[in-house]
Amino acid sequence: MEVLDVLNLGEIAQYFSKMAMFPVFDVAYYIVSILYLKYEPGAVEVSRKSPVASWLCAMLYCFGSYILADIMLGVSPIDYFHNNSHILLASAVWYLIFFCPLNLFYKCVAFLPVKLVLVAMKEVVRTRKIAAGVHHAQHAYHHGWLIMVITGYVKGSGVALMSNFEQLLRGVWKPETNEFLNMSFPTKASLYGAILFTLQEAHLLPVSKSMLICLFTLFMASTKVFMTARHSHGSPFTLIESWLCHLLFGSPLGIEDAHDHHHSAPAAASAPLLPAKTKEELSEVTRKRKSKKAE
């Protein structure tokens with residue numbers, strides 16, 4: 001901690017943790033969230049056929065974490081919708097992404113350099129939401145560590161956890177896409193972040209809250225920007241998770257599976273291809289079988 005004091009990082013972290021999210025960072029969060037909604041198959045068609053359903057899906061993408069966390073903590077699920085400025089801002093972003101003439105707004109925010117900046121800003125908001133969720137649960141349940149972890153986890157990845165419900169609004173039902181079955185990197189990172197912030201709230205982690213927010217934001221933003229730039233859907237936790245699951249639960253090592261698949265694919269590719277039979281040969285075989293049956 002003395003090194004941090006010398007570098008004045010403590011004051012920087014303190015300023016960063018108190019920096020206002022509205023409107024700049026929240027706008028970035030809404031843009032990236034609704035941008036991902038537009039990437040969903042059939043989302044554009046739904047926006048033309050039923051704008052109301054499309055708008056509801058966009059609101060879930062933007063505020064789903066608040067809705068789910070409020071339900072868990074016994075608060076009205078529509079409580080967050082009294083923030084008129086946030087609703088109007090998210091609605092304006094939804095309209096521009098889906099209905100802007102010539103798709104100009106969509107083309108601008110989907111341009112990779114711009115998108116990378118917006119993605120980094122979204123992760124700033126995500127970290128704040130995780131920290132706020134843990135802090136909120138800590139006030140309601142002082143020693144409920146599990147509740148604190150779950151609330152922070154939901155605040156950080158609520159929209160992903162509600163994906164099946166959001167799909168129903170678009171007339172799609174894909175239970176195999178359940179986020180609990182196939183957790184993405186942001187969902188896993190939200191869980192690990194919620195654990196860290198819970199430990200910090202319980203004074204079991206020797207680091208200040210502002211410093212933890214700064215460090216976790218830096219990790220999330222840099223990782224997500226790197227993954228977005230490479231169009232990667234993997235997770236940097238895969239190696240550690242694979243070994244831990246193998247050690248604790250006897251799960252097969254994902255590395256070995258990938259290694260076997262990597263070597264089996266070239267083997268299959270290098271195998272000589274059998275020449276395909278022509279129609280005449282097939283008809284000849286069929287004729288011989290029929291003649292044998294007749295005999």
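For the reader, a short list of remarks on this structure follows.
- Residue 125 satisfies every condition listed in (1) within 21 Å of residue 22 (Cβ to Cβ); (2) open to solvent by 20 Å² or more (accessible area, probe 1.4 Å) except (2).
For every residue, the table says whether it meets (1) closer than 21 Å to residue 158 by Cα; (2) of a type in the set (A, V, I, L, M).
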{"residue": "89", "(1), (2)": "yes, yes"}
{"residue": "93", "(1), (2)": "yes, yes"}
{"residue": "97", "(1), (2)": "no, yes"}
{"residue": "103", "(1), (2)": "no, no"}
{"residue": "108", "(1), (2)": "no, no"}
{"residue": "118", "(1), (2)": "yes, yes"}
{"residue": "121", "(1), (2)": "yes, yes"}
{"residue": "125", "(1), (2)": "yes, yes"}
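For (1) free of Cβ contacts under 8 Å to residues at least 40 places away in the same chain; (2) open to solvent by less than 40 Å² (accessible area, probe 1.4 Å), each residue gets a yes or a no:
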site	(1), (2)
9	no, no
12	no, no
24	no, no
32	no, yes
52	yes, no
64	no, yes
82	yes, no
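- Pairs where the first residue, in the range 218-245, is within 13 Å of residue 186 (Cα to Cα) and the second is among the aliphatic types (A, V, I, L, M) and outside any helix (DSSP H, G or I), C-beta under 9 Å, 6+ apart: 235/183
- Any hit, the range 71-80, residues being more than 17 Å from the chain's Cα centre (by Cα), in contact (Cβ under 8 Å) with a residue 24 or more places away in the chain, surrounded by 14 or more Cβ atoms within 10 Å (Cβ to Cβ) and in a helix (DSSP H, G or I): yes
The values are calculated or read from the model by the stated rules, or taken from the named source; none is laboratory data. Everything quoted here is computed from the prediction, not taken from an experiment. With ideal geometry, Cβ positions are generated from the backbone for all residues, glycine too; neighbour counts draw on all protein chains shown. Side chains included, ligands, DNA and RNA excluded: accessible areas come from the protein's heavy atoms. Shrake-Rupley method; radii C 1.70, N 1.55, O 1.52, S 1.80 Å.
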